[in-house]
Structures are given as structure tokens and as C-alpha cells.
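Everything on this sheet refers to the single structure shown next.
Bear in mind that the values in this text are calculations on the coordinates, not laboratory data. Source: prediction; values computed, not measured. Quick reminder, even Gly has a Cβ in these numbers, built from the backbone with ideal geometry, and neighbours come from all protein chains shown.
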Amino acid sequence: MRRPVPKLAIRYAASETHSKGAERNGTGMKKDSKKATSKSKRETKKVEELQQLQAGLAQREANTLVIGIDLGDRTSTYCVRTLGQQMVVEGTVATTAVAMLETFRALRRQRMVIETGTHSRWVAQLLELMGHEVIVANARKLKLISENNQKSDKVDPRLLSQLGCMNVEWLHPVYQRSQEAHCDLLLVRARQALIDTRTALINHARGIVKSFGSRLEKSASERFVRVAQEQTPAALKPALSGVLAALEEINEQIYSYDCQIEHLCNTKYQQAAQCLQQVKGVGPVTTLGYVLTLEDKERFEHSRDVGPYLGLIPKKRQSGSSDPRLGITKAGDELVRKLLVNCAHHILGPFGEDSDLRRWGLAIVRAAERNDKKGARKLAAAAVARKLAVLLHRLWVTGAKYEPLRKDRGPAASAVA
């Protein structure tokens with residue numbers, strides 16, 4: 001009978017085998033260290049080749065190269081082409097300010113093409129400080145890249161650089177707001193994030209109470225905590241105590257943001273705020289969001305161009321005799337579009353001031369209801385929001401006094417004016 005090998009012997013045998021595999025070969029080097037050395041040499045050679053190529057790029061004349069950069073969260077890939085679309089070099093760079101500086105600082109002024117995204121704003125500003133021409137492409141309209149069946153981190157910068165060589169208009173460049181305006185706009189965005197969180201918590205509390213056969217009465221969001229404390233069944237109070245405490249804290253933070261936004265409207269952006277808030281239903285939050293999103297009122301040749309910029313015009317897909325009615329494009333800034341729609345609902349609602357805009361919107365509601373169309377008020381709200389966006393820009397540009405019932409001015413009023 002064969003005797004079993006003790007566990008200690010098995011361990012020893014394994015370690016002995018390992019030690020034999022790690023023996024030095026005839027050259028006096030370990031096999032593992034030899035592989036590591038050859039790998040290190042290959043990497044060193046690649047680095048040297050890349051440095052030589054970058055040195056060659058630095059010697060190129062200004063405005064002779066197009067560089068497409070596909071920005072990633074950790075690393076970014078880039079592709080360099082000549083104006084004749086000949087590929088020069090490809091590479092990767094860490095998505096940090098230091099790495100971007102080391103890679104592109106030595107180059108003379110060249111055209112840089114990037115897509116909109118999380119890192120696009122600060123990367124664009126950094127590249128502009130280096131003296132480069134930066135084009136931020138609208139990722140939403142670049143279906144050639146987003147719907148490419150062979151999409152990858154290597155293919156995307158190639159397409160960006162190729163488009164940058166052919167026609168810049170095909171990239172649909174977007175406007176990059178300044179650092180100061182971006183920081184102020186973040187107040188509005190942070191406030192909206194808290195409001196979304198508050199809405200989710202309120203719906204959660206209402207759903208729990210409803211599952212026990214009870215209901216919480218309708219109330220404003222600011223009063224919900226008090227109503228819930230009074231009407232929540234005793235068995236559910238331990239489960240909802242933390243939710244209600246969080247809601248109280250969120251209400252306080254929202255009020256703090258409201259105070260900061262109102263202060264900015266009364267000081268830093270006072271002139272624009274005075275023009276826009278003439279319209280009843282437009283408050284400090286909408287005013288600040290609208291002004292900072294557009295930032296430069298002179299970049300729109302016509303006020304009616306603001307509606308398409310904010311995605312408040314219907315989509316168009318006409319072909320032959322087919323011309324279906326479609327929803328709005330929803331292009332541009334989503335938050336400002338929502339704020340304008342909320343203002344439109346207020347204008348059309350029971351507390352809205354009598355005005356030409358309100359009458360026009362209510363006429364759309366009545367016409368849609370006569371034709372048995374669903375969502376008549378939502379349709380009218382989108383149309384009023386578009387008119388409101390155009391009206392606000394016109395008031396901002398001209399500084400004129402807002403007349404709610406301008407179409408109904410009598411002959412005497414017109415003579416006085």
C-alpha cells in the first residue's frame with residue numbers, strides 16, 4: 001500500500017518546484033527578470049518614438065494640423081492629422097490638466113476638436129490658454145460618431161480630426177460660457193438637484209402611507225413635513241421620521257439657495273433682472289438661469305433664434321406629402337427649458353396676469369380641445385414658453401418697458417406713446 005505524502009512534504013515539494021523554475025538560465029539571469037527587461041525595453045522604445053513624434057509636431061508651422069481628442073473620464077485618446085487629412089500620430093493622454101499641458105503645450109497654434117461632455121469645458125479653456133483654436137462639437141448632432149457600429153476610443157478621435165479637416169460647420173460647434181458665469185449658474189443647478197430630491201422623498205412618503213390605506217392631503221412642498229407629521233399613522237412614524245427630517249433640512253438649503261440667487265439678481269445681474277422680471281411669473285431663478293445660459297445677449301442676431309436654441313420649436317420630418325406634427329426638439333439646456341415651461345404654466349393658470357401672451361396661449365388650449373387633442377394645456381405651455389423666451393431676449397436687448405396688453409392699446413394710448 002502506498003503511503004500518503006504528508007502535507008508538509010507537499011508544501012516543500014511545491015516550493016522546491018517553484019525554486020527550480022526560478023533558477024538562473026545559462027546567461028546568468030532569471031527567466032522572469034529577462035521577460036521584464038525585454039518588456040521594459042519595448043515600452044522605453046515606444047516612449048522614445050512618441051517623444052520624437054511630439055518633437056516633430058512642435059516644429060510644425062501654426063494652423064497646419066487638426067487634432068481630434070476623445071475625452072474619457074480617466075484617459076483620453078487623440079489623433080493628429082494634416083489639413084490634407086493625412087494621419088500623423090495617435091496617442092493617449094491622462095485626462096488631467098498637467099498631462100494635457102505636457103502633451104500640447106509645446107505645439108504652435110493648431111485646431112483642436114473635442115466633443116461636449118463632463119470635461120469639455122475645462123479642457124477647452126485650458127487649450128485656449130495654450131493658444132490653440134478649440135472647437136467643441138455638439139455630441140448630440142454627431143450621429144456619425146454616436147451611432148457608429150465600430151465606435152471605439154481609437155475610432156472616435158480619428159473621425160473628429162477628419163471632420164475638423166473638412167468642414168467645421170458639420171461639427172455644430174457649441175458656445176462655451178465663462179468660468180464666472182458657470183460658477184453662478186451652478187447655484188441654480190444645485191437648487192434644482194435639491195428640488196428633485198425633495199420631490200422623490202415626498203412621493204416616497206405618500207406611497208408608503210397610501211399602502212396602509214390612508215392618504216396625505218395635498219399641500220405645498222414647504223408645508224408637507226407638517227402635514228405628514230399630523231396625518232401619518234402611528235405605525236409608520238418610525239419609518240418616515242428620517243425622511244421627514246431630511247425634508248426639513250432640504251427645505252432650509254433650498255431657501256438658502258433662493259436667497260443667494262435673489263442677491264445675485266439684485267446686485268451682479270441687476271440690469272438684466274429688471275428687464276426680465278417685468279413679466280409676471282418670471283422670478284429670480286428663471287431670470288438667473290436664462291441670463292447665464294445665454295450669457296451674451298448679442299450673440300443672437302434675432303430674438304426669435306432663442307426659441308430653437310433652447311429646443312422649444314417642433315421637430316420637422318417632412319417628406320413629399322407626409323408632414324407629421326411632432327414634439328419639440330428639446331435641444332439646448334434642459335433646466336432653462338423646464339423653468340420657462342413652468343413660467344408658461346403660471347401665465348396660463350388661474351393666477352396669471354391678463355396679457356397678450358396669456359390670451360394667445362388660452363386660444364391654443366381652446367382650439368386643441370375643440371379638435372379633441374390630448375394634452376391641450378401642455379401643448380399651449382410649450383408654445384407660450386417659446387414666445388416667452390423670445391420676449392425675454394427682446395426686453396433684455398432693448399431695455400424696453402413691458403406692456404402686457406400691447407395689442408389692445410387704444411388710439412389715445414397710442415397717441416400718448
Helix 356-370 axis, angle to the chain major axis (alpha carbon atoms, nearest 10°): 80 degrees
R0 of 60 Å, Cβ-Cβ distance E217-D73: FRET efficiency to nearest 0.05: 0.85
Between helix 155-166 and the chain: long-axis angle, C-alpha atoms, 0 to 90°, nearest 10: 60 degrees
Cα-based helix-to-principal-axis angle, 120-129 vs the chain, degrees rounded to 10: 70 degrees
Extended-chain gain in nm, criterion 0.36 nm per residue less alpha-carbon gap, A97 and M166: 22.0 nm
For the chain, alpha-carbon Rg relative to the globular expectation (2.2 N^0.38 Å, N residues): 1.44
The range 95-228, relative contact order in percent, only Cα pairs under 8 angstrom and at least six apart counted: 17 percent
For peptides 388-395, 193-200, sequence by mean Cβ density within 10 Å, most packed first: 388-395, 193-200
E334-H263 pseudo-label distance in nm [points 7 Å out on the Cα-to-Cβ vector]: 3.0 nm
Simple spin-label estimate for Q125 and S256 in nanometres, 7 Å along Cα-Cβ: 2.4 nm
Whole-Hz ³J(HN,Hα) from phi, Karplus 6.51 cos²θ - 1.76 cosθ + 1.60, for the range 205-221, glycine and proline x: 5, 5, x, 5, 5, 5, 5, 9, x, 10, 9, 9, 5, 5, 7, 5, 4
R0 of 56 Å, Cβ-Cβ distance E249-Q86: FRET efficiency to nearest 0.05: 0.40
Extended-chain gain in nm, criterion 0.36 nm per residue less alpha-carbon gap, E230 and Q271: 10.2 nm
Under the Debye formula (equal points on every Cα, no solvent term), log10 I(q)/I(0) of the range 50-171 at q = 0.18, 0.20, 0.23 Å⁻¹: -0.89, -1.13, -1.56
Contour excess over end-to-end distance, with Cα ends at L405 and T118 and 0.36 nm allotted per residue: 98.9 nm
FRET efficiency for A239 and R189, using Cβ-Cβ distance with R0 set to 30 Å, rounded to 0.05: 0.45
The range 179-268: translational diffusion in µm²/s, Stokes-Einstein, Kirkwood Rh over Cα pairs, 4 °C, 1.567 mPa s: 89 µm²/s
Ordering of 162-172, 294-304, 110-120 by packing [mean C-beta count within 10 Å, highest first]: 110-120, 162-172, 294-304
